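Let me begin by presenting the structure, written as structure tokens, before commenting on it.
The values are calculated or read from the model by the stated rules, or taken from the named source; none is laboratory data. From a predicted model like this one, the values you see are computed outputs, not experimental measurements. Because the Cβ atoms are built from the backbone with ideal geometry, glycine has one as well, and the counts that use them run over all protein chains shown.
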Amino acid sequence: MEQIRAFIAIELPEEVKSALAQLEAELKMGGPPSVKWVDPGAIHLTLKFLGNIAADKVDKITRVIEEAAEGISPFHLEVKGLGVFPNLRRVRVIWVGVEGELAPLSQLQQHIESRLAPLGFPPESRPFTPHLTLARVREQVSPNEQQRLGQLIASTRFETAHRFNVDSVSLMRSQLTKEGAIYSQISSIKLK
């Protein structure tokens with residue numbers, strides 16, 4: 001049985017990806033080389049990572065997303081602010097914040113979580129924290145480099161809000177390659 005590595009996400013418009021590309025370019029100049037940057041064209045807002053799924057489950061998962069989206073109208077989000085997980089002294093993930101109409105976003109994410117559980121996808125144990133991952137810091141980065149990176153993040157401003165309309169949710173495929181993951185849309189569900 002063919003397996004597909006999949007996730008559910010909100011895709012970003014080109015102007016937001018362009019702003020993120022500029023931010024990444026600025027950060028790359030001052031950051032350590034052992035940071036794995038996400039291709040700005042591939043940045044998205046993940047609602048649920050599914051992992052490897054059987055290809056014959058795609059239609060069922062698409063129907064679940066359609067059900068989860070029922071009653072949720074299009075809404076606006078803003079990409080603004082720069083942060084890290086877990087903290088500025090031990091940087092592991094560099095991200096950009098998501099603000100705006102977070103209530104419908106959270107409702108959509110919770111509906112997806114609860115409706116996928118009967119299909120064998122356990123709900124996340126961590127609370128949903130909407131963010132856009134810009135980079136992951138590799139294991140071999142020294143504590144000093146991590147602290148310098150934290151200082152760079154703290155001193156970099158990304159305050160201009162980049163607002164966009166969310167009117168669809170996508171089931172995405174992730175193909176891992178040596179150059180990084182390649183994402184492609186499997187299906188798209190419109191919010192009405």
- Query: Which residue pairs have Cβ atoms closer than 8 Å, lie 6 or more positions apart in sequence or on different chains, and pair a first residue in the range 71-85 that is on the phi > 0 side of the Ramachandran plot with a second residue that is assigned to a strand (DSSP E or B) and not hydroxyl-bearing (Ser, Thr, Tyr)?
  - Reply: 81/96; 81/97; 81/99
- Any residue in the range 105-122 that is at pLDDT below 95, surrounded by fewer than 14 Cβ atoms within 10 Å (Cβ to Cβ), under 17 Å from the mean Cα position of the chain (by Cα) and not basic (Lys, Arg)? no
- Message: For the range 129-136, check the following and say yes or no: at least one residue is touching a residue at least 24 places away in the same chain (Cβ under 8 Å), out of contact with any Lys or Arg (no Cβ under 7 Å at 6 or more places or on another chain), surrounded by fewer than 14 Cβ atoms within 10 Å (Cβ to Cβ) and part of a strand (DSSP E or B).
- Response: no
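Can you pull out the residues in the range 1-22 that are without any contact (Cβ under 8 Å) to a residue 60 or more places away in the chain and not aliphatic (A, V, I, L, M)? Working first, answer last.
Within the range 1-22, the subset without any contact (Cβ under 8 Å) to a residue 60 or more places away in the chain is 1-3, 14, 17-18, 21-22.
Within the range 1-22, 2, 3, 14, 17, 18, 22 meet the criteria.
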- Of the residues in the range 42-70, those that are loosely packed, with under 13 Cβ neighbours inside 10 Å and under 30 Å from residue 23 (Cβ atoms) number 1
- Task: Six or more apart or on different chains, Cβ under 6 Å: which pairs go from a residue in the range 137-148 that's surrounded by 10 or more Cβ atoms within 10 Å (Cβ to Cβ) to one that's at pLDDT 85 or above and part of a loop (DSSP other than H, G, I, E, B)? Could you list them?
- Result: 147/89
- Which numbered condition trips up residue 140, out of (1) in a strand (DSSP E or B); (2) more than 21 Å from residue 62 (Cα to Cα)? (1)
- Item | Subset of the range 9-42 [polar (S, T, N, Q) and within 21 Å of residue 137 (Cβ to Cβ)] | 22, 34
- Hits in the range 23-66 - residues which are assigned to a helix (DSSP H, G or I), in contact (Cβ under 8 Å) with a residue 24 or more places away in the chain and charged (D, E, K, R): 24, 26, 56, 57, 60, 66
